[in-house]
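Novice: I'd like to ask you about the structure that follows.
The values are calculated or read from the model by the stated rules, or taken from the named source; none is laboratory data. Computed from a prediction, not measured in an experiment: that's the story for all the values here. Note that we place each Cβ from the backbone using ideal geometry, even for glycine, and neighbour counts take in every protein chain shown.
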Amino acid sequence: MTNGLALWLQGTQAIAAVATTISVMIALYVALIREPRKAAEERRRHQAQVDALRRAARKRVAAQARKVVPSCVRAPMFGDSWWTVRIDNTSNAVTTILAVDVAAIDADGIRVPDGCRQASNTMPVDQAFDRSIRAALSGGGSEGSQRGTRLSPALKHAVQNALVGHLATEWERTLPPNHHTVMAYTTAKPEYTLRVTIDYEDEAGYQWRRTDISPPKRMGKELE
């Protein structure tokens, strides 16, 4: 009986030792393998979510930047060398204009130093107004009827820009949503065209550069 009890106790102790060993191994597995793996998976999932949010934010910022648009058109009502340069902010956020560069371009596409100049108020106001009115009334886009002469929207828009650009003395630097700023320029030769380059900053503080013929290019710090 004593020997049987001793053997039973030894067996119980062996089983307990094995159970303890298994428990320790499970604990080590949890601590060293499963939990770190789970944590790594959580980190990867979190990073993927952060990356997706950043990509979406970059797309939104870039989309807004594309809505700040410089343009230039001739203003023949003032003369063969007259142009109207305009910057539109059609985004839904305030844009700050940092710099505006307007250059003359010859027939070969080469920049001409001193080939153009700002022409605001270089013509008497009454003369500028008179030319604008005559251009509007004689424009091919006007419609005659018994109700009088009605300007097409495109012609009315062009005449208004030309007149406002002539009266402006400096660029507006802060453009709220759906606002614009406009300026008159003349070229040294009628055959020259203009190239407009603007630097601007969006509401998030990112800076951009674009021309009237190219999309915006981000300058400075990376998009976060």
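Novice: Can you work out which of the residues in region 51-104 that are among the acidic types (D, E) and at pLDDT 90 or above is surrounded by the fewest Cβ atoms within 10 Å (Cβ to Cβ)? Break it down into steps so the answer makes sense when it comes.
Specialist: So in region 51-104, the residues among the acidic types (D, E) come out as 51, 80, 88, 101.
Still in the running and at pLDDT 90 or above: 88, 101.
Working: D88: 17, D101: 12.
Once the filter is applied, the top-ranked residue is D101.
Novice: Still on this structure: Can you find, within region 200-221, the residue that is farthest from L98 (Cα to Cα) among those that are of a type outside the set (G, A, S), without any contact (Cβ under 8 Å) to a residue 60 or more places away in the chain and in a loop (DSSP other than H, G, I, E, B)? Steps first, please.
Specialist: Pass one, region 200-221, residues of a type outside the set (G, A, S): 200-203, 206-213, 215-219, 221.
The next check asks that each one be without any contact (Cβ under 8 Å) to a residue 60 or more places away in the chain; those that pass are 209, 213, 217, 219, 221.
Of the ones still in play, those that are also in a loop (DSSP other than H, G, I, E, B) are 213, 221.
Values: I213: 19, K221: 16 Å.
Per the criteria, the residue is I213.
Novice: Let me ask something else about it. Quick test of your reading of the structure: E143 fulfils all but one of (1) modelled with pLDDT under 70; (2) under 17 Å from M77 (Cα atoms); (3) touching a strand residue (DSSP E or B) at 6+ places or on another chain (Cβ under 7 Å). Name the failing condition by number.
Specialist: (2)
Novice: In addition: Cβ-Cβ distance below 8 Å, separation of 6 or more or different chains: which pairs start in region 188-199 with a residue that is of a type in the set (F, W, Y) and end on one that is at pLDDT below 95?
Specialist: Y192/S81
Novice: Determine the pairs where a residue that is in contact (Cβ under 8 Å) with a residue 12 or more places away in the chain, located within region 76-104, has a partner that is among the hydroxyl-bearing types (S, T, Y) and in a loop (DSSP other than H, G, I, E, B) with Cβ atoms under 8 Å apart, the partner being 6 or more residues away or on another chain.
Specialist: Pairs that qualify, where the first residue is in contact (Cβ under 8 Å) with a residue 12 or more places away in the chain and the partner is among the hydroxyl-bearing types (S, T, Y) and in a loop (DSSP other than H, G, I, E, B), are S81/Y192; A104/Y192.
Novice: If you go through region 191-222, how many residues are closer than 26 Å to A104 by Cβ and exposed (fewer than 13 other Cβ atoms within 10 Å of the Cβ)?
Specialist: Summing the residues that are closer than 26 Å to A104 by Cβ and exposed (fewer than 13 other Cβ atoms within 10 Å of the Cβ) in region 191-222 gives 5.
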